[in-house]
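**Q** Before I ask anything, let me first share the structure, which is written out below as structure tokens.
The values are calculated or read from the model by the stated rules, or taken from the named source; none is laboratory data. These numbers were taken from a predicted model, which means no experiment stands behind them. Positions of Cβ are generated from backbone atoms using ideal geometry, with glycine treated the same way; all protein chains shown enter the neighbour counts.
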Amino acid sequence: MYSDPIFGQRRGRRWPLSVAPMMDRTDRHYRYFMRQITRHTLLYTEMLTTGAILRGNREALLGFSACERPLALQLGGDDPAQLAACARLAEAWGYDEVNLNVGCPSERVQEARFGVCLMAQPEQVARCVAAMRQATALPVTVKHRLGIEGQDYADLVRFVRTVARAGCDRFIVHARIAILRGLSPKANRTIPPLRYDEVYRLKREFPELVIELNGGVTTLEQARQHLQRVDGVMIGRAAYDNPFLFARADALFYDDATPPPTRRQVLVAMLPYLEAWLARGLPLHRITRHMLGLFAGQPGSRLWKQLLSQPAPSASVALQRLHEALARLPAAVLDAPPETVPLTPTPA
């Protein structure tokens with residue numbers, strides 16, 4: 001833990017690299033798969049609403065394999081008492097961090113009055129953070145945008161200052177504003193321009209806070225460049241579309257000298273997991289859909305996707321196709337080490 005004279009004691013460690021929470025993407029099967037590629041990168045659940053957790057099937061929603069840690073639970077909600085109850089559950093279930101979503105721009109989330117629309121209510125976010133901080137010893141973090149349409153940098157500063165005083169341990173800042181009307185969540189990830197300078201400025205003006213940058217980062221080298229200005233970097237869609245991108249993450253960001261895995265090693269490590277879940281009646285595609293990008297940009301990528309995407313009449317046929325993929329994909333690709341990332345930073 002660490003502290004500063006303005007905002008008080010902070011909890012938790014700093015994570016130079018994390019994979020963003022993504023709806024319909026970062027479920028437990030994707031996270032298990034990613035753990036075969038990177039052991040140390042911080043992973044997140046999908047956003048789970050407080051109502052779903054408090055009234056739903058907690059094993060289905062909160063369950064995870066121990067190897068998925070370090071793991072953060074991302075919550076969606078705006079009621080301090082409900083968020084506090086979920087924070088207690090996060091600690092009881094063994095999560096490493098609890099995160100509040102103040103960045104989702106979907107209309108359904110807006111109608112429920114949480115997500116990015118809460119950027120217009122920093123005092124409410126502060127009440128939520130304070131309640132969660134009181135309920136758990138876990139770090140409490142907030143993922144948010146630069147603001148919403150009509151706000152400026154001064155509004156961002158007010159938001160961060162207000163929420164920091166409530167005890168937020170880390171701010172993960174998506175370097176775009178959100179446009180609440182007329183743009184889909186997908187368009188909100190691409191159309192509002194990236195404004196990295198405002199995230200850098202926020203870190204300069206609040207050096208005592210832990211500021212992490214999110215948005216538009218697609219390579220580890222880009223992440224290394226941003227880390228010259230901020231405390232952490234989050235990668236989203238690139239981590240899903242090209243997961244092997246993270247094969248050198250442990251060496252580059254966590255000083256782990258363990259040789260990085262090959263794609264063959266990743267697949268072989270996944271086989272017992274796949275067999276175990278198939279035995280429990282889970283359709284294979286619920287797991288393999290997260291693995292389609294393992295050969296992104298490589299010879300054999302099309303064959304890999306074809307084999308995994310074909311409907312299988314039985315679990316045994318599904319597993320047979322995975323073994324067929326291992327036999328038919330080029331050995332030069334299966335056994336190649338991950339691409340080397342330059343170790344000398346280039347000027348920012």
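**Q** Identify the residue in the range 199-219 that is among the hydrophobic types (A, V, I, L, M, F, W, C) and either modelled with pLDDT under 95 or within 14 Å of residue 15 (Cα to Cα) (or both) and, among all such residues, is surrounded by the most Cβ atoms within 10 Å (Cβ to Cβ).
**A** That would be 213.
**Q** Could you tell me how many of the residues in the range 263-288 are over 23 Å from the mean Cα position of the chain (by Cα) and under 19 Å from residue 240 (Cα atoms)?
**A** So the count comes out to 3.
**Q** Here's something else I'd like to know. Please indicate, with yes or no, whether at least one residue in the range 71-93 is in contact with a Ser or Thr (Cβ under 8 Å, 6 or more places away or on another chain), in a loop (DSSP other than H, G, I, E, B), buried (at least 16 other Cβ atoms within 10 Å of the Cβ) and of a type outside the set (Phe, Trp, Tyr).
**A** yes
**Q** What strands (runs of 3 or more DSSP E) completely inside the range 139-243 contain at least 2 residues that are under 30 Å from residue 293 (Cβ atoms) and among the small types (Gly, Ala, Ser)?
**A** Here the list reads 170-178.
**Q** Shifting gears a bit: Could you list, in sequence order, all residues of the range 298-319 that are in a helix (DSSP H, G or I) and surrounded by 12 or more Cβ atoms within 10 Å (Cβ to Cβ)?
**A** 301, 303, 304, 305, 307, 308, 309, 315, 317, 318, 319
**Q** Would you point out which residue out of 133, 176, 88, 127 is touching a Pro at 6+ places or on another chain (Cβ under 6 Å) and within 21 Å of residue 51 (Cα to Cα)?
**A** Matching residue, one of 133, 176, 88, 127: 127.
**Q** When you scan the range 229-246, do you find a residue that is over 30 Å from residue 101 (Cα atoms), in contact with an Asp or Glu (Cβ under 8 Å, 6 or more places away or on another chain) and surrounded by 18 or more Cβ atoms within 10 Å (Cβ to Cβ), even just one?
**A** Checked against the condition, which is being over 30 Å from residue 101 (Cα atoms), in contact with an Asp or Glu (Cβ under 8 Å, 6 or more places away or on another chain) and surrounded by 18 or more Cβ atoms within 10 Å (Cβ to Cβ), the range 229-246 yields no hits at all.
**Q** Shifting gears a bit: Residues of the range 1-24 being in a strand (DSSP E or B), over 21 Å from residue 255 (Cα atoms) and either touching a Lys or Arg at 6+ places or on another chain (Cβ under 9 Å) or modelled with pLDDT of 80 or more (or both), which ones?
**A** 2, 3, 4, 8, 10, listed by residue number.
**Q** For the range 160-178, give me each residue that is hydrophobic (A, V, I, L, M, F, W, C) and over 22 Å from the mean Cα position of the chain (by Cα).
**A** Matches in the range 160-178: 166 only.
**Q** I've got another one for you. Can you confirm whether residue 76 is of a type outside the set (Asp, Glu), at pLDDT below 95, outside the structural domain of residue 270 (by TED's automatic domain parsing) and within 17 Å of the chain's Cα centre (by Cα)?
**A** For residue 76, the condition - of a type outside the set (Asp, Glu), at pLDDT below 95, outside the structural domain of residue 270 (by TED's automatic domain parsing) and within 17 Å of the chain's Cα centre (by Cα) - is not met.
**Q** Moving to a separate point now. Would you pick out the residues in the range 188-212 that are closer than 15 Å to residue 237 by Cβ and within 19 Å of the chain's Cα centre (by Cα)?
**A** 188, 189, 190, 194
**Q** Further question: When you check residue 30 against the structure, is it crowded, with 19+ Cβ neighbours inside 10 Å, of a type outside the set (A, V, I, L, M) and under 18 Å from residue 292 (Cβ atoms), yes or no?
**A** So residue 30 passes the test.
**Q** Could you check how many residues of the range 43-61 are under 11 Å from residue 28 (Cα atoms) and either touching a helix residue (DSSP H, G or I) at 6+ places or on another chain (Cβ under 8 Å) or outside any helix (DSSP H, G or I) (or both)?
**A** 5
**Q** A further question follows. Is it the case that residue 210 is touching a residue at least 60 places away in the same chain (Cβ under 8 Å) and within 30 Å of residue 131 (Cβ to Cβ)?
**A** Yes; evaluated as a whole, the condition is true for this residue.
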